[in-house]
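Here is the structure we will look at.
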Amino acid sequence: MGGGKAALGNETLDPGEPGDLPKNPAFTTDVEKTNGSFTIATDTTFAPFIYQQGGKNIGIDMDLLRAIAANQGFEVDIKPLGFDAALAAVTAGQADGVIAGMSITDERKKVFDFSDPYYQSGVQMAVAKDSDITSYQDLKGQNVAVKTGTVGYDFAKQLGEEIGFTINAFQDSADMYNDVATGNSAATFEDAPVLQFGIASGNVPLKVVTDPEPGADYGFAVLKGHNAELLQMFNDGLKNAKDTGAYQQIIDRYLAIDDTAPVDNSFWTLVKTSIGPLSQGLVLTLLATALAILFAMILGIVFGILKLSTNPFLRFLASAYVNIFRGTPVLVQAFFFYFGVPAVTGQPLDALTAGVITLSLNAGAYITEIVRGGVQSVDPGQMEASRSLGLGWAPSMRRVVMPQAFKIMTPNLINQFIITLKDTSLLSVLGFAELTYQGRIVIASTFRSFEIWIVVGVMYFIVIWLLTVLSNWVDRKFNK
C-alpha cells in the first residue's frame with residue numbers, strides 16, 4: 001500500500017505529521033482568514049480519511065480540508081457525527097458542507113453539489129484471517145457485513161441479489177469488522193484504502209482476498225444550490241495542493257506506511273492512550289446529566305402539581321406532556337430537537353443544548369408522575385389540617401405536603417437520575433462528545449472495540465455505583 005512520494009522539482013518533500021499543515025514553499029497556508037467561517041460535518045470511523053488521535057481530528061480528509069482552508073483564507077469548524085448523521089446535518093442546515101470519504105454518485109448528486117474529486121478509491125472484499133473464502137461465489141448462503149449509506153453497501157446489495165447472501169448493516173466500520181472477525185458474517189466490503197490501512201495497523205484481524213473494484217471518486221459536498229462560494233474555494237485550494245505537491249504530502253502521511261515497523265498493541269498501552277479522551281467524555285457526561293436532572297426536576301414538579309389541579313385544562317396540558325415524552329423513544333426526540341427544529345426555525349442548536357433539552361423533557365415526564373404519586377401518597381388530612389390552621393394552598397403544599405412527598409419519592413427519583421445518566425449515551429449520535437462517543441472515536445482509530453467497551457463499561461459502572469451510594473446516603477438522611 002502507499003502512494004508516490006511528494007516532490008517539488010528534484011527535492012523530496014517531508015510529508016509532515018498527521019494534523020499539521022503541509023510545509024511546502026509553493027503552497028501558501030498563511031492567507032488572512034477573511035473569507036468566512038464554515039461548519040463541516042464528517043464521519044467518526046473512517047480511517048485513514050477521518051479519525052481521532054490525541055483528541056484531535058486527523059486523517060486525509062481532515063488534513064486536506066485544513067490545508068485548503070488555510071490556502072483559501074476561510075475557517076472551518078469540524079463536527080464528527082457519523083456518516084448518516086453528517087449527511088442529515090447538511091440537509092438540515094446544521095452544517096455547511098460534508099467531507100467523509102463520500103463517493104460521488106448520481107443518486108447523491110440529486111441532493112448535494114460535489115467538488116472536483118479529491119481521491120479515487122474502489123470497494124474491496126475482506127474475510128477473517130482463517131477463512132477459506134476466496135471469491136464472491138463462495139458467499140452464497142452466507143451473511144455479509146457492510147456499513148450503511150456507503151458505496152460498499154450498494155455494491156454488496158447488488159451482488160447479494162445475484163449470488164444470494166444476506167446483508168448485516170452497521171453504523172461503524174469497527175462493528176462491521178468485528179462482526180466478520182467473530183464469525184457472524186463471512187465477509188465485508190469496504191473502500192480499499194480504509195481496509196488496507198486498518199489491516200496494516202495490526203488492529204483489523206482480517207485479510208483482503210480480491211482486487212479492488214473499479215474506482216469511485218471521493219468528493220467534498222454542500223447542499224444542492226447552497227454555499228457555492230465554499231465549493232469554489234475548495235476546488236481552487238485542491239488544485240493548488242495538487243499542483244504544488246502538498247496533496248501528495250498529505251497522502252503520504254497515511255498511505256506510505258512502513259508495514260515492518262513494530263506496533264505495541266497491548267491492552268495497557270491501549271488504556272494509557274485512550275484514558276485521556278475517555279475522561280474528557282466522562283466529564284461531559286456528568287455535565288449533561290447534572291443540567292438535565294436540574295431542569296427535569298423543575299418540569300416534573302410544575303407538571304406534577306398541574307396534574308393534581310382541579311382545572312381540567314391544566315390537567316390536560318400536563319397529561320399531554322407526559323404522554324408525548326413517555327410515548328416516544330429518546331433517540332427520536334434527540335433527532336427531532338437537533339435536526340428537526342433547526343430545519344423549521346433556521347436556528348441551529350449545538351449538541352449539548354439539544355441533548356439537555358431532550359433529556360430534561362424526557363426525564364421531566366417521568367418525574368411528573370413520580371411527583372403526582374408522591375403527593376397523592378400523603379394523607380389528605382395533612383392538607384386539611386394545614387388549611388384549618390389558616391395557611392393558604394401554596395404555603396400548605398410547600399411547608400407541609402411536599403416535604404413529606406419528597407421522602408416518599410426519593411427512591412424513584414434516584415432511579416430516574418441513574419436512567420438519565422445512562423441515557424446520555426444516546427446523545428453520541430448527535431456528535432456530543434460524551435463517554436460513549438469518545439469510546440466510538442477511540443475504536444475508530446484502533447478498531448479495538450472489545451477492550452474499549454470494557455473500559456467504557458467499567459467507567460459507567462463506577463460512576464453509577466458512586467451515585468447510587470450517595471443517593472442512598474441522602475435517602476437515609478431524609479427518612480431518618
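Can we say GLY141 is without any contact (Cβ under 8 Å) to a residue 60 or more places away in the chain, within 27 Å of the chain's Cα centre (by Cα) and either open to solvent by 40 Å² or more (accessible area, probe 1.4 Å) or closer than 30 Å to THR39 by Cα (or both)?
Values: without any contact (Cβ under 8 Å) to a residue 60 or more places away in the chain: yes; within 27 Å of the chain's Cα centre (by Cα): no; either open to solvent by 40 Å² or more (accessible area, probe 1.4 Å) or closer than 30 Å to THR39 by Cα (or both): yes.
In short, no.
Please verify whether VAL458 is assigned to a helix (DSSP H, G or I) and open to solvent by 50 Å² or more (accessible area, probe 1.4 Å), treating the condition exactly as stated. Quick ask: steps written out before the conclusion?
On the way: assigned to a helix (DSSP H, G or I): yes; open to solvent by 50 Å² or more (accessible area, probe 1.4 Å): yes.
So VAL458 passes the test.
In summary, VAL222 fulfils each of the numbered conditions (1) touching an Asp or Glu at 6+ places or on another chain (Cβ under 8 Å); (2) of a type in the set (Val, Ile, Thr); (3) surrounded by fewer than 16 Cβ atoms within 10 Å (Cβ to Cβ) with the single exception of condition (3). Could you list, in sequence order, all residues of region 324-357 that are farther than 16 Å from ALA85 by Cβ, part of a helix (DSSP H, G or I), free of Cβ contacts under 8 Å to residues at least 12 places away in the same chain and open to solvent by 70 Å² or more (accessible area, probe 1.4 Å)? VAL344, THR345 - these are the residues of region 324-357 that are farther than 16 Å from ALA85 by Cβ, part of a helix (DSSP H, G or I), free of Cβ contacts under 8 Å to residues at least 12 places away in the same chain and open to solvent by 70 Å² or more (accessible area, probe 1.4 Å).
Condition test on ARG315, is it in a helix (DSSP H, G or I), among the charged types (D, E, K, R) and free of Cβ contacts under 8 Å to residues at least 60 places away in the same chain? Quick ask: steps written out before the conclusion?
Numbers: in a helix (DSSP H, G or I): yes; among the charged types (D, E, K, R): yes; free of Cβ contacts under 8 Å to residues at least 60 places away in the same chain: yes.
It is true that ARG315 is in a helix (DSSP H, G or I), among the charged types (D, E, K, R) and free of Cβ contacts under 8 Å to residues at least 60 places away in the same chain.
Only one of the listed residues (ALA334, ALA320, ALA354, ALA365) is touching a Lys or Arg at 6+ places or on another chain (Cβ under 6 Å) and farther than 22 Å from VAL474 by Cα. That residue is ALA365. Considering region 163-179, and only residues there that are surrounded by fewer than 21 Cβ atoms within 10 Å (Cβ to Cβ) and of a type in the set (A, V, I, L, M), the residue that is farthest from GLN137 (Cα to Cα) turns out to be ALA169. ALA187 meets each of the listed conditions (1) in contact with a Gly (Cβ under 7 Å, 6 or more places away or on another chain); (2) farther than 24 Å from GLY59 by Cβ; (3) surrounded by 20 or more Cβ atoms within 10 Å (Cβ to Cβ) apart from (1). Here region 383-438 is the region considered, the condition is being of a type in the set (A, V, I, L, M, F, W, C), part of a loop (DSSP other than H, G, I, E, B) and open to solvent by 50 Å² or more (accessible area, probe 1.4 Å), and the residue that is nearest to ALA89 (Cα to Cα) is LEU391.
The values are calculated or read from the model by the stated rules, or taken from the named source; none is laboratory data. Everything numeric here is computed off the predicted structure, so don't read it as measured data. Glycine gets a Cβ as well: all are built from the backbone with ideal geometry, and neighbour counts include every protein chain shown. Note: accessible area is taken over every heavy atom of the protein model, side chains too, but ligands, DNA and RNA are not part of it. Shrake-Rupley method; radii C 1.70, N 1.55, O 1.52, S 1.80 Å.
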